[in-house]
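Peer 1: Below is a structure I'd like to ask you about.
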Amino acid sequence: MYMETKALAAIKAGDKSIDDYEKASTSEWLTLCLALDRHDRLAGTGYDTPSAAWARLDDRQRAIVRAADPSYAPAGR
């Protein structure tokens, strides 16, 4: 299981908050922000829009975002 998947499960269970993962790698952080629909947390990452963050993710990370939100589409966000 990947870090992002474990983190999402912990956050959704209430065991952790997104703040507990601020030291994650950039792509891990972007994955969490998009999967949790926390676009406000993209500020200061260098990927300040959901579209820019999405472009930074690899296919595995995009799949994690889509698993969390099957209707996710970065365009226009």
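The values are calculated or read from the model by the stated rules, or taken from the named source; none is laboratory data. Remember, it's a predicted structure, so these values are computed and weren't measured experimentally. Neighbour counts are summed over all protein chains in view; Cβ atoms, including those assigned to glycine, are modelled from backbone coordinates with ideal geometry. Just so you know, the surface numbers come from the protein's heavy atoms only, side chains and all, with ligands and any DNA or RNA stripped out. Shrake-Rupley method; radii C 1.70, N 1.55, O 1.52, S 1.80 Å.
Peer 1: At a Förster distance of 22 Å, what's the computed FRET efficiency of Lys16 paired with Ala52, Cβ-Cβ distance as r, to 0.05? If you can, show how the numbers build up before the last one.
Peer 2: Numbers: r = 26 Å, r/R0 = 1.17.
Efficiency at R0 = 22 Å is approximately 0.30.
Peer 1: Additional query: Counting only protein heavy atoms and a 1.4 Å probe, tell me what percentage of the chain's accessible area is made up of carbon and sulfur. Don't jump to the answer; show the numbers that get you there.
Peer 2: Values: 2100 of 4360 Å².
That share works out to 48 percent.
Peer 1: Considering only protein heavy atoms, what per residue accessible area in square angstrom results for the chain with a 1.4 angstrom probe?
Peer 2: Working: 4360 Å² over 77 residues.
For the chain, the solvent-accessible area averages 57 Å² per residue.
Peer 1: Would you compute, from DSSP H runs of 4+ residues alone, the mean residue ellipticity of the chain at 222 nm, taking -39500 (n - 2.57) per run and dividing by the full residue count, rounded to the nearest 500? Walk me through the intermediate numbers first.
Peer 2: Values: 4 runs with 38 residues, N = 77.
It lands at -14000 deg cm²/dmol.
Peer 1: On alpha carbon coordinates alone, what is the Rg over Rh value for the chain, Rh being the Kirkwood radius?
Peer 2: Numbers: Rg = 11.2 Å, Rh = 12.2 Å.
Radius of gyration over Kirkwood radius for the chain works out to 0.92.
Peer 1: Another question about this same structure. Using a Gaussian network model of the chain whose springs link C-alpha atoms within less than 10 Å, name the residue from Ala53, Ala63, Ala35 with the highest mean-square fluctuation.
Peer 2: Taking springs between Cα atoms under 10 Å, the residue moving most is Ala63.
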